[in-house]
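A quick write-up on the structure given underneath.
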Amino acid sequence: MKIVDILNFRVPLSGQISNAVVNFSEHDVSLVAVVSDLRRNGRPLVGWAFNSIGRFAQQGIIEQRIRPRILAATEKSLLDCEGKGFDPSAVRACAMQNEKPGGHGDRASAVAAVELAIWDLNAKIREVPAWVLIAEHFGCIEAGCIEAGRTETVRTGAGRTEATRAASVYAAGGYYYPPGVGKTLSEELKSYQAMGFDRFKIKVGGAQLREDLARIDAAMKIAGDGKNLLVDANGRFDLPGALAFAKEIAPYSLGWFEEAGDPLDYALNRSLAEHYAGPIATGENLFSFEDVRNLLRYGGQRAGRDIFQMDAGLSYGLTDYARMIALMEQHGFDRRQAWPHGGHLINLHIVVGLGLGGCEVYPCVFQPFGGYSDACRIANGQVTPSQAPGFGLEEKSSLKPWLEKV
Ligand SMILES: [Mg+2]
């Protein structure tokens, strides 16, 4: 059993939307296929993944550094100890040969796309949803209990044993649209409400204070309660700006105030936590275990209150992400305080598998990657992954034209 090729496709993101800092019209994503020598239904068995959303495709790093290293590795060195699947941590280590520590950036998401494709491939070898494999691997469910029908999450029907588990989910949107689009924030959030969402996130910090407060007022009419509305400044503010904005939104008792300042400004985060009583969220732009360790040491995050949003697809993959969650717990935090950035199928399976707090979803933006497939059930703010093997990317109609290329 071996990896015979690693293909990657640069996929542009649809949409002309902006947050407080960037316009996404130039963004793209690396969609990666890890091709094995196994076959299913007469075709090669392929693991698919991508490097999340909100950064850029990483063609050069994947093609010139990661791919040749993995294809040159001995067959046995990339297998798990039983030889029944591939070892994601071994693939990650192989991809990082001759790479210096630090300077994580784009390399972290390039490695992540390949490492996550290994999880998809392993789940397809086992013929289970990726979340089942993840839960077993990290001890969040007893190994083998799904097949044996020995868990409360198993439902058996039509001769098939099905594992079901849901995750809390909120609709992320509320972007700044260019003039003339003819869409209002209220209309956008109402459309999410009609889809079964009851919690929403909107962007702030990209307009004058008065306009942002008017946006919050409009969103509150749909969210109904401050705890169901989240605001995201995407790192826009300096410390005085963050504190001033926090003072203005304090009366709303919002669900959380996200990325008030630069993601690496731990002192700013600490000061904000000292002055703002509501939950704060950060971490989506930390791309390594070491950066997260610094956030835990110096960022002032509060146990039982604040939110961690690291994203496996931007930070070397699930192997490293699981280490971050373990470190959070060593520092006294609950894994339910982890709500990964990136509203797509891969993070849905990670959230469900690891038993995290929940995840975001982009129901209408960042296509073809944003949101879930029609086979995932969404109701009352909960989403349930389908029974498809792996991450189920094949069930997402917008991705099909790309996946059919291999
Ligand atoms: Mg964010």
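Coordinate-derived values only; no laboratory data. The model shown is predicted, which means the values in this text are computed figures rather than measured ones. Glycine gets a Cβ as well: all are built from the backbone with ideal geometry, and neighbour counts include every protein chain shown.
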Practice problem: Show the residues, 5+ positions off or on another chain, whose built amide H is closer than 5 Å to the amide H of residue 87. | Solution: 79, 80
Exercise. Enter the angle in degrees (range 0 to 90, nearest 10) between the Cα long axis of helix 289-298 and the first principal axis of the Cα atoms of the chain, meaning the one along which they spread out most.
Key: 30 degrees
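Using DSSP to define loop residues, name the trypsin sites (Lys or Arg not before Pro) in the range 16-103 whose beta-carbon has at most 11 other beta-carbon atoms within 10 Å. Could you put the intermediate results ahead of the total?
Numbers: sites: 39, 40, 55, 65, 69, 76, 84, 92; in loops: 55, 84.
Of the trypsin sites (Lys or Arg not before Pro), the ones in loops of the range 16-103 whose Cβ has at most 11 other Cβ atoms within 10 Å are 84.
Please compute the contact order of the chain in relative form: average sequence separation of alpha-carbon pairs under 8 Å and at least six residues apart, divided by the residue count, as a percent. Let's see the in-between values first.
On the way: 860 pairs, mean separation 73.9, N = 406.
Relative contact order, the chain: 18 percent.
Listing 275, 104, 344, 27 from the residue with the fewest other Cβ atoms within 10 Å to the one with the most, what is the order?
Values: 275 13, 104 20, 344 28, 27 17.
The order, fewest Cβ neighbours first, is 275, 27, 104, 344.
Find how much the distance from residue 404 to residue 270 grows on full extension, using 0.36 nm per residue of separation minus their present alpha carbon separation; answer in nm with one decimal. Mind dumping the intermediate values first?
Values: separation 134, 0.36 × 134 = 48.24 nm, distance 4.75 nm.
Between residue 404 and residue 270, full extension yields 43.5 nm more.
Taking 8 Å as the Cα distance limit and 6 or more residues as the minimum spacing, I'd like the relative contact order of the range 1-53 as a percentage.
Values: 93 pairs, mean separation 19.0, N = 53.
Relative contact order for the range 1-53 comes out at 36 percent.
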Quiz item: Could you give the angle, 0 to 90 degrees to the nearest 10, between helix 266-275's Cα long axis and the longest principal axis of the Cα atoms of the chain?
Solution: 50 degrees
Quiz item: With each pseudo-label sitting 7 Å past Cα toward Cβ, what's the residue 209-residue 225 distance in nm, one decimal?
Solution: 2.9 nm
Quiz item: Where in the range 375-404 are there GluC sites (Glu not before Pro) that are in a DSSP coil and have at most 12 other Cβ atoms within 10 angstrom of their Cβ?
Solution: 404
Quiz item: Mind listing the phi-derived Karplus ³J(HN,Hα) values for the range 54-59, rounded to whole Hz, using 6.51, -1.76 and 1.60 with θ = phi - 60°, and x for any glycine or proline?
Solution: x, 10, 9, 4, 10, 4
Exercise. Classify the range 312-368 as rounded, prolate or oblate, taking a ≥ b ≥ c as the square roots of the eigenvalues of its Cα gyration tensor: rounded when a/c is under 1.5, otherwise prolate if a/b is larger than b/c and oblate if not.
Key: prolate
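Averaging sequence separations of C-alpha pairs under 8 Å and six or more residues apart, then dividing by the length of the range 38-109, give the relative contact order as a whole percent. Don't jump to the answer; show the numbers that get you there.
Working: 36 pairs, mean separation 22.7, N = 72.
About 31 percent, as a whole number.
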Practice problem: Per residue of the range 92-102, in order, report the coupling 6.51 cos²θ - 1.76 cosθ + 1.60 (Karplus, θ = phi - 60°) as ³J(HN,Hα) in whole Hz, putting x for Gly and Pro. | Solution: 4, 5, 5, 4, 9, 4, 6, 9, 6, x, x
Quiz item: Taking the alpha-carbon centroid of each part, what is the distance from the range 346-371 to the range 195-248 in angstrom?
Solution: 21 Å
Quiz item: Listed here are the pairs 124/405; 201/396; 124/201; 100/400; which of them are more than 28 Å apart at the Cα?
Solution: 124/201; 100/400
Exercise. Using a/c under 1.5 as the rounded threshold, could you call the range 361-406 rounded, prolate or oblate? The axes a ≥ b ≥ c are square roots of the C-alpha gyration tensor eigenvalues, and prolate needs a/b larger than b/c, oblate otherwise.
Key: oblate
Self-check item: Angle in degrees between helix 239-249 and the longest Cα principal axis of the chain, rounded to the nearest 10
Solution: 80 degrees
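Kindly work out what percent of the DSSP beta bridges joining two residues of the chain are antiparallel, to the nearest 5. Walk me through the numbers before you get to the answer.
On the way: 28 of 47 bridges.
Within the chain, antiparallel bridges account for around 60 percent of the total.
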Quiz prompt | Residue-by-residue Karplus 3J(HN,Hα) for the range 202-215, coefficients 6.51, -1.76, 1.60, Hz, glycine and proline x | solution = 10, 7, 9, x, x, 9, 5, 3, 4, 5, 5, 5, 5, 5
Quiz item: Taking amide H positions as placed 1.01 Å from N in the peptide plane, with prolines and chain starts having none, which residues 5 or more places from residue 40, or on another chain, fall under 5 Å of its amide H?
Solution: 45
Self-check item: Span from the the range 251-308 Cα centroid across to the the range 10-48 one, whole angstrom
Solution: 29 Å
